[in-house]
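Below is one structure; the comments refer to it alone.
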Amino acid sequence: MTITLITGANKGIGFETARQLLALGHVVYIGARDAERGEKAAAALGARFVRLDVTDDASVSSALAAIDAAEGRLDVLVNNAGVLADGVTDGPTALRAFDTNAVGIVRVTEAALPLLRKSTNPTVVTVSSSAGSFWAVTNPDRPEYSLPLALYSASKSAATMLTVQYAKSQPGIKFNAVEPGTTATDLTAAFGIGRAPEESARVVVRWATLDADGPTGTFQDENGEVPW
């Protein structure tokens, strides 16, 4: 039995990742900031719900303590919660983008490490973005080249770097970042682009179900390792 926590999983890619991992036999905890939406999503899927706001230390600690009490370990962590932070570029918006997309990863991962160390195959997947890849945003042939998302891109660069650094500092745990593909979610609604969330979730699921000898410290999309 594999115990999995997915942050920001009440909708979009997180929700579909939960659905697919449940079908593979995982016990899935849906972490969501909004208790009503999170409980509704968990009930719809047959998952379990923990209230988890990645921008709040107490909320994160409480969520991981609840999983510890119920399960005694955590096998898979999917850092999925994120914000687009488009529109105005100012200090408060930048703080919100980095607090959710980067600092939130640190909060959740640090709280989860003691539980992950109790797993026989601990795995962490961070949903990053090639919008945070220097290679992609400087390549005129890539769609990221013209995306006006400075704060989102910068915070996702940080998310990928955190993943690589955690892989180096925690050699007993696999850490990989993924670009799930351009997806039609609430985040991308203004752009009118993207494929169905269930397609992109397959990329996340692949990296959430690695064997014990799987790679670590990489940034991947569905076609392989992404330069960044």
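The values are calculated or read from the model by the stated rules, or taken from the named source; none is laboratory data. Bear in mind that the values here come from a model prediction, so they are computed numbers and not experimental data. Reconstructed Cβ throughout: ideal geometry from the backbone, glycine too, with neighbour counts over all protein chains shown. In case anyone asks, the SASA skips ligands and DNA or RNA and just uses the protein heavy atoms, side chains included. Shrake-Rupley method; radii C 1.70, N 1.55, O 1.52, S 1.80 Å.
For this structure, a couple of remarks:
- By accessible area with a 1.4 Å probe, ligands and nucleic acids excluded, highest first: order of Ser129, Ser169: Ser169, Ser129
- Per atom type, the chain shows carbon and sulfur on 53% of its accessible surface, probed at 1.4 Å.
- 3J(HN,Hα) couplings calculated from phi for segment 214-227 with the Karplus curve 6.51 cos²θ - 1.76 cosθ + 1.60 (θ = phi - 60°) are, in sequence order, x, x, 9, x, 10, 10, 10, 10, 5, 9, x, 6, 9, x Hz; Gly and Pro show x.
- DSSP H segments from the chain that extend 24 Å or more along their own axis, Cα-based, with Kyte-Doolittle mean of -1.0 or above: 150-169
- Distance from the alpha carbon centroid of segment 120-154 to that of segment 82-103 works out to 15 angstrom.
- Size of electric dipole in segment 75-187: Cβ of Lys, Arg +1 and of Asp, Glu -1, about Cα centre, debye, nearest 20: 480
- Neighbours of Thr109 by Cβ distance under 14 Å: Lys/Arg scored +1, Asp/Glu scored -1, total +2.
- Within-15-Å neighbourhood charge of Lys40 [Cβ basis; K, R +1; D, E -1]: +3
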